[in-house]
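Before any comments, here is the structure.
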Amino acid sequence: MSTTAIARASPDALLALASKEGRGRLKIFVGAAPGVGKTYAMLAAARSEQAGGRDVVAGLVETHGRRETEQVLQGLEQLPRAPIVYRHRVMREFDLDGALARKPSLLLVDEFAHTNVPGSRHPKRWQDIDELLAAGIDVWTTLNIQHLESLNDVVLKISKIRVRETVPDKVFDRADEIVLVDLPPDELLKRLAEGKVYVEDTAARAVESFFKPQNLTALRELALRRAAERVDAALVERMQAQAIEGPWAAGERILACVGPDAASPGVVRTAKRLADLMDAPWIAVTVERSGVGLDAAARKQVDTTLKLAESLGAEIHTLTGNDLPDELLRFARFENVTQIVIGRARGGTLRQWLQRSLPQRLMQRSTDIGIHLVPLPADSAVPVKRTLAARMNASAPAHFLYAAVAVAGAVLVSRGLAQVIPAASLSAVFLMAVLFSAVKSGVGPAIFASALSFLTYNFFFIAPLYTFTIAEPYELLALLVYLVVAVVAATLAGRLREQARVSAGRVRAMRRLYEFTRRLSGLATMDAIAEGAASEIHASLGRPVLVLLPQGDELVLAAAWPPEDLLDEAATMAARWAFTHKEAAGFETGTLPIVPWRFLPVRTGDTTYGVVGVMMQGKDGAALDSEAQALLDTLTEQTAAALQRAVLTRDMVLARTATETERVRNTLLASISHDFRTPLSSILGSATSLLTYGDKIDASATRDLLANIREEAEGLDEMVRNLLSITRIESGALELRRDWIDLREIAARVIAATRRRGASHGVVLQWPADVPLVYADAALIEQALGNIVANAVVHTPPTSQIVIDAEVEPGWVRLRVTDDGPGIAAADLPHIFERFVQSGSAKATSNDRGGVGLGLAIARGIMQAHGGTIAAVSPVEAGRGTRMILSFVNTAATEVREP
């Protein structure tokens, strides 16, 4: 294989470069600690850019009272800060809207990790900067290395201080350029002592707590190492995009195990650092045990850790199983994981003496995957787990009352059976009470019932009676065995109950999803889909729901459930932001998190069809759990698919209409150009002959030429009249001037007009004597009948015979036009009353003068306007002929024509 065939650009690298097109460029000035000169270096570089003619604006620069920084800031345009009212105080923050409106070529925004005042559009400044970059503005900013999320635990170990303001690593990694501002620890401490970093009192406290030489040295090493990793990643990305061969990663994959304990965030950060060092993708996974639920605190801990992992760039998965090691290893092998990162179990509990911990079981069963143990962080609290006490307290008091009643019932039943059954066999009755409690109330009440039944069984049925004393050793052993069996049975039965509850919940969710999809699949319009989606999402989540759809340049409320407008100004702003930026906004997001609604863009691919808003907190203040949020995401995706289908259907109908309109237009132009050209040419020829040879032509020839001009002009007039008639019919502007008319007189006038136009056909009127008058518009009926006769003339040979007759049936008067021509093909018969359709039989005749194909369509429109019908029958006799039947309603007439 040739070298050129091997050296191909990486599609992922090319996609990453393409995603940056149109975005601004981000440069981060990184330092090991405050005071190294990041802001000064940024301003100095910006002054150089300004001197080169670039439009540079200082969006927000924190000088911290440092004279050198204030001096270098002078001469740069500065944006005024935006006032934000928080707790009755006016705070000054970076003006994001002002920066977007000003839109300079380069904007300086200090302190990348800063937390905005509550009420700002975004909770973090790095999110403000991301919006600026999306608007095409280049941004320079500053960052201390301890604010990187993946290094949070490492910094805690170094400085014994937990940094609360962090920046996700994936945001840092997306920077186009990293500038490391380095200063040796000795020089930094000297600057600190001279008051160039903090004021004197603050500087003294900083030296005691954070600015220790060993801390600064470690932080400097972190900054140097992280900057080197970023430079190496940028180099690899560039080489891959340009198809430059090199030694790429060996295919490592990292798996971080997330649980409801305080060590999980440290596990996630460690996995992130390990993935960066190995240049490997990584996955964060949590396992939900069937039948073992988590309390609110544990559930929140898992959700928070998974969100942290996602913000650091992990792929998120949730597994279900009872055997945690087997489930984790099965998933790891399926995903080709090479390294597993898991938290070290806290020692010293009885359970760990009796049973191996999860990390120990993983190491025992895994021979091909590396295991990394992460200790609990120094500032962690007791792990959040479902202890026995927590499970006992999680059940409602009524459930413990049910357990006590069940045991009391077992005592009464056993008292009745004690005369016929040995005391040792009565334990089965108490075991039934325990199982009843487990099935009805869960594990906690069942364990309570086990202990209570143990005591009551001993008290009432083990000698000596009515005491807790046990006389014989074998009876003590029997009671202990009973207690173990009861607890195990209670635990298993309770877990089965929990599994049944979870399974039932999942079945309900699947049924709800099926009903949601089925209902939306039957809706055709976007408004109907919005109404259906709002009601179904409300039924699934039990929260108020809004659906907003675009209308021109505005985003309008298309549906709400309950049906009321709950949008305020802040919620409307969040909805518009979600629609414009194609990202979630509102509650617990990076944009307007103070809004109680969460707005999700309804999108497929790059197309956004609207926004779904859900009130995230219920009346009890509880937020949606992770399962409900996953269901919401799925329902939103289904809504997007339904809206896409509606839009595609609408576009298809419009395209079909446009195609049909184009076809009709082309047919009309082709027909008119031909049918107008022939009579116009004849008129032009006759008129030219009269003008040129008028004095040389005898009177008879002159009359013939004038007659030809009149005949052709009448034909043109008829075609124009037909065009105007079909326009009036289709627009609904056809006016009927009804009166009692004689169809025989109408037929006679049509026959005379046909002969006057020179038709050589034999047109015969065969009229019965009992035909009543009809209530109709005489002129329109004459036009309809004339079109039918003219159609017969055109599509039959010159020697053909055309018969006009009538017949009377109960409730109807039928006017018939019959010819003996070649007839109409069976395939053409259903379409002959459509516009611009001509039968192929015309080609079989010697008459080459056709029409535009509107005559029969006009006749049908006229008859429908009168409440009648028109039909065609072909063949009539011996495989030939065509009969057109015009049916009029036989209204009771006050006058009937005598024969």
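Going residue by residue through segment 505-527, is there one that turns out to be closer than 30 Å to residue 651 by Cα, among the aliphatic types (A, V, I, L, M) and modelled with pLDDT of 90 or more?
Yes, because at least one residue in segment 505-527 is closer than 30 Å to residue 651 by Cα, among the aliphatic types (A, V, I, L, M) and modelled with pLDDT of 90 or more.
In the list 90, 56, which residue meets the criterion of being among the hydrophobic types (A, V, I, L, M, F, W, C), surrounded by 14 or more Cβ atoms within 10 Å (Cβ to Cβ) and in contact with a strand residue (DSSP E or B) (Cβ under 8 Å, 6 or more places away or on another chain)?
Criteria check complete, one pass: 56.
Checking the condition aliphatic (A, V, I, L, M), at pLDDT below 90 and either at positive phi or assigned by TED's automatic domain parsing to the domain that holds residue 127 (or both), which residue from 567, 592 passes?
592
Scan segment 90-98 and give yes if some residue there is assigned to a loop (DSSP other than H, G, I, E, B), in contact with a Gly (Cβ under 9 Å, 6 or more places away or on another chain) and at pLDDT 90 or above, otherwise no.
yes
I need the full set of residues from segment 580-598 which are part of a strand (DSSP E or B) and either surrounded by fewer than 23 Cβ atoms within 10 Å (Cβ to Cβ) or touching a residue at least 40 places away in the same chain (Cβ under 8 Å) (or both), in order please.
597
Return yes or no: is residue 585 of a type in the set (A, V, I, L, M, F, W, C), under 19 Å from the mean Cα position of the chain (by Cα) and over 29 Å from residue 506 (Cβ atoms)?
Answer is yes for this residue.
Any residue at all in segment 422-437 that is outside any helix (DSSP H, G or I), modelled with pLDDT of 75 or more and not hydrophobic (A, V, I, L, M, F, W, C)?
Yes: segment 422-437 contains one or more residues that are outside any helix (DSSP H, G or I), modelled with pLDDT of 75 or more and not hydrophobic (A, V, I, L, M, F, W, C).
Select from segment 537-558 the residues that are within 27 Å of residue 505 (Cβ to Cβ) and in contact with a Ser or Thr (Cβ under 9 Å, 6 or more places away or on another chain) and list them in ascending order.
537, 545, 547
Take the conditions farther than 29 Å from residue 578 by Cα and modelled with pLDDT of 85 or more and apply them to residue 646. Does it pass?
No: the conditions fail for residue 646.
I'm trying to understand the selection: among the residues of segment 678-725, which are at pLDDT 80 or above, surrounded by 13 or more Cβ atoms within 10 Å (Cβ to Cβ) and over 22 Å from residue 756 (Cα atoms)?
Matches in segment 678-725: 689, 690, 697.
Show the residue pairs that are 6+ apart or on different chains and have beta-carbon atoms under 6 Å apart, the first residue being within segment 818-833 and on the phi > 0 side of the Ramachandran plot and in contact (Cβ under 8 Å) with a residue 40 or more places away in the chain, the second being of a type in the set (Ser, Thr, Tyr) and assigned to a loop (DSSP other than H, G, I, E, B).
823/874
Can you tell me how many residues in segment 520-529 are in contact (Cβ under 8 Å) with a residue 60 or more places away in the chain and either of a type in the set (Asp, Glu) or in contact with a Gly (Cβ under 7 Å, 6 or more places away or on another chain) (or both)?
So the count comes out to 2.
If you go through segment 547-561 one residue at a time, do you hit one that is assigned to a loop (DSSP other than H, G, I, E, B), outside the structural domain of residue 260 (by TED's automatic domain parsing) and surrounded by fewer than 19 Cβ atoms within 10 Å (Cβ to Cβ)?
Scanning segment 547-561 turns up at least one residue that is assigned to a loop (DSSP other than H, G, I, E, B), outside the structural domain of residue 260 (by TED's automatic domain parsing) and surrounded by fewer than 19 Cβ atoms within 10 Å (Cβ to Cβ).
Can you find a residue that is modelled with pLDDT of 90 or more and either hydroxyl-bearing (Ser, Thr, Tyr) or farther than 27 Å from residue 570 by Cα (or both) anywhere in segment 118-132?
The answer is no; no qualifying residue exists.
Could you check residue 498 against (1) modelled with pLDDT of 75 or more; (2) buried (at least 16 other Cβ atoms within 10 Å of the Cβ) and say which number it fails?
Among (1) modelled with pLDDT of 75 or more; (2) buried (at least 16 other Cβ atoms within 10 Å of the Cβ), residue 498 violates only (1).
Which one of these does residue 760 not meet: (1) of a type in the set (S, T, N, Q); (2) more than 19 Å from residue 711 (Cβ to Cβ); (3) outside any helix (DSSP H, G or I)?
Against the list (1) of a type in the set (S, T, N, Q); (2) more than 19 Å from residue 711 (Cβ to Cβ); (3) outside any helix (DSSP H, G or I), residue 760 comes up short only on (2).
Inspect all residues belonging to segment 70-89 and state whether any of them is within 22 Å of residue 175 (Cα to Cα) and modelled with pLDDT of 90 or more.
Among the residues of segment 70-89, not one is within 22 Å of residue 175 (Cα to Cα) and modelled with pLDDT of 90 or more, which makes the answer no.
Can you tell me which residues in segment 261-290 are surrounded by fewer than 20 Cβ atoms within 10 Å (Cβ to Cβ) and part of a loop (DSSP other than H, G, I, E, B)?
Across segment 261-290, the qualifying residues are 262, 279, 280, 281, 289, 290.
Of these, 738, 728, which one is closer than 18 Å to residue 864 by Cβ, surrounded by fewer than 21 Cβ atoms within 10 Å (Cβ to Cβ) and in contact (Cβ under 8 Å) with a residue 12 or more places away in the chain?
Just a single option satisfies the conditions, and that option is 738.
Could you list, in sequence order, all residues of segment 153-208 that are at pLDDT below 80, small (Gly, Ala, Ser) and not in a helix (DSSP H, G or I)?
Within segment 153-208, 195 is the sole residue that qualifies.
Taking into account only those residues within segment 750-777 that are within 60 Å of the chain's Cα centre (by Cα) and not charged (D, E, K, R), which is farthest from residue 863 (Cα to Cα)?
Only one residue tops the list, namely 775.
The values are calculated or read from the model by the stated rules, or taken from the named source; none is laboratory data. Just so it is clear, the model here is predicted, and its values are computed rather than measured. Ideal geometry is used to build each Cβ from the backbone, glycine not excepted, and the neighbour counts take in all protein chains shown.
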